[in-house]
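All remarks here apply to the structure that follows.
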Amino acid sequence: MLSCKKEGGTQNAGSIYPEQAVGMDNNGKYTIADEKALATAWEAKVEGKAKLTAFEIVKGTTEGDVAEDFYMLVARTEDGTAKVASLLELRGNKFYFGSEDHKGSESYLLVICRGECDGGCLPAVRKKDGVKHLICSSCADCEKNEIETH
């Protein structure tokens with residue numbers, strides 16, 4: 001998950017590319033390949049450089065046109081005020097970053113859901129016109145921010 005590029009004799013770490021496996025599906029038990037590298041990369045992208053904890057791969061069902069299974073990687077800020085998520089694709093028994101609208105790209109979408117809602121300000125997935133989109137809970141106090149990351 002961590003990519004190092006040698007430029008001018010130095011190594012720059014911190015890029016997580018969609019081509020590298022994020023985790024594994026071991027008969028329904030999901031594991032994350034390198035949580036520390038993932039936390040470092042995502043924390044650098046989150047506004048305020050918040051510390052992220054509780055990384056987990058979750059399976060759910062899309063909202064919208066068609067109910068379809070999806071996987072996403074979710075973490076929360078240490079203070080619990082925000083959730084951060086990205087869509088995952090399961091290929092064989094490995095999870096990779098990506099979504100139908102970012103295939104072939106070296107980037108993926110990170111969504112931050114921040115706010116106070118009775119049911120929680122949580123990431124979710126809606127399928128519209130055949131494409132999965134990350135969304136946040138639909139309540140007035142749930143704010144969504146999107147970040148394209150590498």
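Computed quantities for the displayed model
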quantity: Neighbour cut-off at most 15 other Cβ (10 Å), DSSP loop, trypsin sites (Lys or Arg not before Pro), segment 41-91; calculated: K49, K51
quantity: Additional length obtainable on full extension of the chain from C139 to T40, 0.36 nm per residue less Cα span; calculated: 32.7 nm
quantity: Label-point gap, in nm, between T53 and A67 - each point 7 angstrom along Cα→Cβ; calculated: 3.5 nm
quantity: Average accessible surface area per residue within segment 53-136, 1.4 Å rolling probe, Å²; calculated: 47 Å²
quantity: Descending Cα extents along the principal axes, segment 51-150, whole Å; calculated: 35, 30, 22
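The values are calculated or read from the model by the stated rules, or taken from the named source; none is laboratory data. Keep in mind the model is a prediction, meaning the values are calculated, not measured. Here the Cβ is made from the backbone with ideal geometry for all residues, glycine too, and neighbour counts use every protein chain on show. Heads up: the accessible areas ignore ligands, DNA and RNA and are worked out on the full protein's heavy atoms, side chains in. Shrake-Rupley method; radii C 1.70, N 1.55, O 1.52, S 1.80 Å.
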